[in-house]
Amino acid sequence: MTPIDLSHIPITDNHCHGIYRTQTPVDITAWRGLFTESFDHAMRSKHVTTTLFYRHLVREMATFFGCEPTEEAILTARQKIDEQDLIRSFLRAANFDVLFIDKGYPPQELLLSDSTVSKLANCRVAPMLRVELLMQRLIAENATFSGVVEALRTALDDVRGQGYVALKSIVAYRTGLNIRTWMMDDVEEAFAVARNEVQEKGSVRLVHKPLLDTLLHVTFEEAARQELPVQFHTGYGDADADMLLANPLHLRDVLERREYRAMPVVLLHESYPYTQQGAYLATVYENVYLDLSYGIPFLGFHEMFEFTRAAFSVAPYSKLLYSSDAVGVPEVHWISTLNGRRILGQVLGECIANGDLSRAEAEQAGVSVLHDNAIHLYKY
Ligand SMILES: [Zn+2]
């Protein structure tokens with residue numbers, strides 16, 4: 001099997017996050033903590049260093065810096081470089097055309113502006129709006145539920161006009177993807193509880209299922225009207241997530257609604273470990289797309305290879321989109337492109353060897369997934 005070479009194809013990262021202003025980690029635990037979704041101290045301080053993702057990262061960074069392949073050597077090398085040069089050199093080496101950035105995390109005051117990232121990376125940058133943060137703000141600002149709904153419709157009236165190319169929802173790790181239709185009594189009761197939290201703490205963390213589900217239906221109506229893509233976190237995430245409720249099959253009620261069919265739905269993180277289920281949904285619903293993320297989840301080669309293979313074997317490749325989900329440090333944006341290009345090239349090489357694709361088709365599939373599909377989907 002000969003892999004196909006995708007190293008020259010500029011990448012559209014359809015889901016990532018901003019870059020920290022300050023690149024010097026406070027300590028070794030803070031650095032290692034960037035490579036785990038766990039909140040447990042021993043995971044962050046110790047065990048993360050023995051994941052295949054981390055070992056591979058150390059080796060690739062050592063090659064990049066021309067230093068010894070040890071954690072100490074790469075961190076020393078990285079700290080010697082001016083922060084802007086560090087960011088510039090990793091992001092330019094990745095060769096991006098566009099970065100689609102989820103503005104909901106980390107807090108914006110910790111991050112470089114999109115225009116700075118755009119200049120450093122020499123690529124376009126487009127923001128995406130995280131809806132739960134907007135909802136939380138509107139709940140804090142409005143004393144009645146109907147007031148929140150009205151304010152939400154106004155805020156989402158012209159999303160592209162505000163510069164955003166998509167919406168992003170993290171309902172999977174708040175109350176689950178089984179988004180329902182609720183009786184108004186339940187919604188009002190949940191709203192009262194949320195408002196109490198606002199009175200006590202000044203803000204609310206939206207985990208009130210009847211309320212969040214109902215506001216999501218308002219959001220979907222607006223998204224469908226504007227044919228605006230909505231990204232859903234699915235599958236593997238931080239310890240907040242109940243993984244059973246992050247299975248994308250729970251979206252069935254939403255996907256079955258004809259009135260939402262104009263809303264493209266992007267299942268993030270290849271729905272890992274539910275990749276087959278996510279790919280199945282991308283096969284049966286014309287508006288469902290599957291994101292292939294090579295940064296998060298933090299996986300070794302074999303699992304990245306397997307999810308890529310599963311996605312290609314099940315879903316049309318016009319429905320697959322490259323991403324990193326990288327957060328904060330440019331190394332993850334960068335190494336995801338190395339992993340993504342390499343693994344995609346190997347899987348497509350296998351497709352040629354198996355007689356599923358011609359060489360020309362395999363090359364076109366590589367360009368579609370790494371670049372073109374996202375450009376068409378987000379109309380950017
Ligand atoms: Zn993300």
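What the table shows:
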read-out	value
Selected from A360, A192, A30 as most flexible by GNM, with the chain as the system and alpha-carbon contacts under 10 Å	A360
Accessible area, probe 1.4 Å, largest first, for residues K103, K46	K46, K103
Pair A262, E109: separation of 7 Å Cα→Cβ label points (nm)	4.0
Other-chain or far-sequence residues with amide H under 5 Å of Y272's (modelled H)	Y236
Two-decimal ratio, region 175-256, of alpha-carbon radius of gyration to 2.2 N^0.38 Å	1.19
Over the chain, volume per residue of the alpha carbon convex hull, in Å³	134
Spin-label pair Q364/D157, simplified geometry with 7 Å Cα→Cβ offset, distance in nm	4.4
For region 114-170, alpha-carbon Rg over 2.2 N^0.38 Å	1.40
Mean Cα-pair separation over length for the chain, i.e. relative contact order, pairs under 8 Å, 6 or more apart, %	23
Two-site label geometry, H41 and D82: point separation in nm, points 7 Å out along Cα→Cβ	3.9
Accessible-area composition of region 33-116, carbon plus sulfur, in percent [1.4 Å probe]	53
Stokes-Einstein translational diffusion, region 287-380 - Kirkwood Rh over all Cα pairs, 1.567 mPa s, 4 °C, in µm²/s	96
Counting DSSP beta bridges with both ends in the chain, the antiparallel % (nearest 5)	5
Virtual paramagnetic centre 7 Å along Cα→Cβ of L52, amide N under 19 Å, in region 220-262	236-237
Surface accessible to a 1.4 Å probe, per residue, for the residues of region 182-284, Å²	43
Within region 1-56, chymotrypsin sites (Phe, Trp or Tyr not before Pro) in DSSP loop having at most 12 other beta-carbon neighbours inside 10 Å	F39
Region 277-380: relative contact order as a whole-number percent, Cα under 8 Å and 6+ apart	29
Rounded D (µm²/s) - region 111-224, Kirkwood Rh over Cα pairs, Stokes-Einstein at 25 °C, 0.890 mPa s	161
Inter-part distance where region 110-189 and region 303-367 are each reduced to a Cα centre, Å	30
For region 1-100, alpha-carbon Rg over 2.2 N^0.38 Å	1.20
Heavy-atom surface of region 22-79, accessible at 1.4 Å and reported per residue (Å²)	55
Carbon/sulfur fraction of accessible area - region 192-257, other protein chains in place, 1.4 Å, %	49
Region 127-191, relative contact order in percent, only Cα pairs under 8 angstrom and at least six apart counted	44
Extension gain, Y380 back to R137 (0.36 nm per residue minus Cα-Cα distance, nm)	84.7 nm
Amide proton proximity set for Y289, modelled H, under 5 Å, gap of 5+	V265, V266, L267
Qualifying GluC sites (Glu not before Pro) in region 282-373, DSSP loop, other Cβ atoms within 10 Å at most 12	E286
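The values are calculated or read from the model by the stated rules, or taken from the named source; none is laboratory data. The structure displayed is predicted, hence computed values, not measured ones. Note that we place each Cβ from the backbone using ideal geometry, even for glycine, and neighbour counts take in every protein chain shown. Accessible surface is based on the protein model in full, side chains and every heavy atom, while ligands, DNA and RNA are left aside. Shrake-Rupley method; radii C 1.70, N 1.55, O 1.52, S 1.80 Å.
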